[in-house]
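Just so it is clear, none of the values below were taken in a lab; they were calculated from the coordinates. The structure displayed is predicted, hence computed values, not measured ones. FYI the Cβ positions are ideal-geometry reconstructions off the backbone, even for glycines, and counts take in every protein chain you see.
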Amino acid sequence: MRPVLPEALEVVRAGALTTVQDLGRPGHAHLGVPRSGALDPAAHRLANLLAGNTADAATLETTVDGTAVRALRDVTAAVTGAPCPVRIDGSPAAWGAPVRLPASAVLDVGGAVEGLRSYVAFGGGVAVRPVLGSRATDLLSGLGPAPLDAGQLLPLGVPGEPPDAVDAVPLPAPPAELVLPLVLGPRADLFTDAALRALPEAVYRVAAASNRIGMRTDGPPIGRPDGAELPSEGMVLGAVQVPPDGLPVLFLADHPVTGGYPVIGVVPADRLGAAAQAVPGTPVVFVPVHGRPGPGVPGPQPH
Amino acid sequence: MRVLPVGEHALLVELGSAPETEAFHAELLRRREAGDLPPVTEIVPAARTVLLDGLARPLELAGRLTTWTVEPSAVTGGPETEIAVRYDGPDLAEVARCWQVAPEDVPGIVGGLTFRVAFCGFVPGFGYLSGLPDRLRVPRRTTPRTAVPAGSVALADTYAGVYPRASPGGWQLIGTTDAVLWDQDRDPAALLAPGVRVRFTSEEPVAETAEEQT
């Protein structure tokens, strides 16, 4: 195990919900353990790249109003994900680029200007004790560290080589409208043809009750035949469940490993980062596709 | 058997019955052990289905799966564990009434059965143990408890289970165990994984002192 620098960061302002995240703990679903991990993996990876870390190093994932930490030793940091003002001891600093924090300096990650979740990487990575190979906070099952609290001290890993000069990388802004491909199945056959035909025309909105477990929606209910309950079955990341109220729920990283509501389709994993950044009220459209083609295999296209 | 594609990298295999599902799951584990299964991130059994997630070419495997013949009687072997139970649960009398036996007969009945972890879920380390015959089926409580203590041994429907940690629950509590169902610092963290066979042994309550037994 790599050495750890204990008490390297002090949480000054926790923020509404700031958790430690990495690439999660897939491979344990059969034991009832959710995968967890960063909701916007591309932003998590970029923050790590900028801070000189490998992608599996743990970052801080903020929610809406950012966080503030005091460096207790010199450290490189980088903020990505939801764009936000970044300040070091009150002075403006770069978002989306490596910044140097001298010992005792406070890094303030401000409220998200767009999107919901910013990622804060530190050289060496947040080095809380891993659980089942991951440091991620899992809000469904309670594995991993609790959300940050003011006054808490956090360890960091020992940084590797100083990061190569990395240009600040522009990230796509969180979308004004989410258009999500929906690979139909496994339970699309429980819904009527009319319901499936109507789906791409229906506009949902991201509901305020959304969280790390799932993106909830408001909008026109999807008609469900009576008796569409199933014995619980395994659920994948990106599954869109339709509970009895007919309002689709898109499963994100902390989703339960099994569920009994029918899954009408699955949103490909590479589109979930955008979903995780969509603020409540953002319009959502699900565009059914009948399975995306494998390499070299022609298949039906979304219309 | 029906094989349903799930997204771009998973398959949901739907079986006709719980025994067929357990047998199919056992066959998947056997083939994975033998290197006769393409790389897969998750194999998640449930009541009537097995999910295979993290497949590079799910449709290729789907074609192969339908050619398998799996006999439900094939579920034998597998790791076995014993769980020592104190039969002091608040629903012991209710379960005895349901079975039309005396409460002191429950340990012998449960102890005579071999259970098997059919699937896990609810919280990390909670196994749904199949093996309770239909005639011993017990209903869930009409009102779930808001707090069931860790280590509670419980029955519901045709399943037995042990609560890994304090949580709400609607199962009938027949006893308690000191066995640690989940320890994230242990390898393996979960005492019960799908496929593990379980026997419940009876742990005598601590005997009263002689003076009190006049």
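Residues whose amide H comes within less than 5 Å of that of residue A:16, counting only those at least five positions distant or on another chain, are A:63, A:65, A:66 (H built at 1.01 Å from N in the peptide plane). Ranked by the mean number of other Cβ atoms within 10 Å of their residues, highest first, the peptides B:143-152, B:121-130 come out as B:121-130, B:143-152. Computed over neighbours whose Cβ is under 9 Å from that of residue A:242, the net charge equals +1, Lys and Arg +1, Asp and Glu -1.
Sort A:46, B:92 so that the residue with the fewest other Cβ atoms within 10 Å of its own Cβ comes first and the one with the most comes last.
Numbers: A:46 22, B:92 18.
Neighbour counts put them in this order, fewest first: B:92, A:46.
Contact order for the stretch A:1-90, expressed relative to its length and based on alpha carbon pairs under 8 Å spaced 6+ residues apart, stands at 39 percent.
Angle of helix A:41-50 to the longest C-alpha principal axis of chain A, folded into 0 to 90 degrees and rounded to 10: 20°. With no solvent and one equal point scatterer per Cα, compute the Debye intensity ratio I(q)/I(0) for chain B at 0.13, 0.14, 0.17 Å⁻¹ and report its log10, rounded to two decimals. Per q value, in the given order, log10 I(q)/I(0) is -0.79, -0.89, -1.18. Counting neighbouring Cβ atoms within 10 Å and putting the fewest first, the residues A:79, A:158, A:106, A:284 line up as A:158, A:106, A:284, A:79.
Taking the helices alone, the protein assembly as shown has a mean residue ellipticity at 222 nm of -3000 deg cm²/dmol, built from -39,500 (n - 2.57) per DSSP H run of at least 4 residues and averaged over all its residues.
Peptide A:30-40 is shielded by partner chain Cβ atoms: per residue, an average of 6 of them sit within 10 Å of its Cβ. Extending 7 Å from Cα along the Cβ direction at residue A:245 and again at residue B:17 yields two label points whose distance is 4.0 nm. Each peptide in A:260-267, A:65-72 receives the mean, over its residues, of other Cβ atoms within 10 Å, and ordering these scores from highest gives A:260-267, A:65-72. Note: relative contact order over the stretch B:80-202, using C-alpha pairs below 8 Å and six or more positions apart, is 37 percent.
Determine the relative contact order of chain A: mean sequence separation of Cα pairs under 8 Å and six or more apart, normalised by residue count, in whole percent. Don't jump to the answer; show the numbers that get you there.
On the way: 830 pairs, mean separation 62.3, N = 303.
Once normalised by length, the contact order is 21 percent.
Taking the centroid of alpha carbons for each part, the stretch A:87-148 and the stretch B:1-18 are 39 Å apart.
Under a point-charge model restricted to the Cβ atoms of Lys and Arg (+1) and Asp and Glu (-1), what is the dipole moment magnitude of the protein assembly as shown relative to its Cα centre, in debye to the nearest 20?
Working: 39 positive and 56 negative charges, 194 e Å.
Around 940 debye, computed over the protein assembly as shown.
Using only the C-alpha atoms, the convex hull of chain A corresponds to 139 Å³ per residue.
Taking each residue of A:229-242 in turn, how many C-beta atoms of other protein chains fall within 10 Å of its C-beta, and what is the average? Don't skip to the answer; put the middle values down first.
Working: counts 0, 5, 7, 8, 14, 16, 7, 12, 5, 5, 3, 1, 0, 0.
So the per-residue partner count for this stretch is 6.
Neighbour counts of C-beta atoms inside 10 Å place A:84, B:98, B:120 in the sequence B:98, A:84, B:120, starting with the fewest. Scaling the Cα radius of gyration of the protein assembly as shown by the globular reference 2.2 N^0.38 Å produces a ratio of 1.07.
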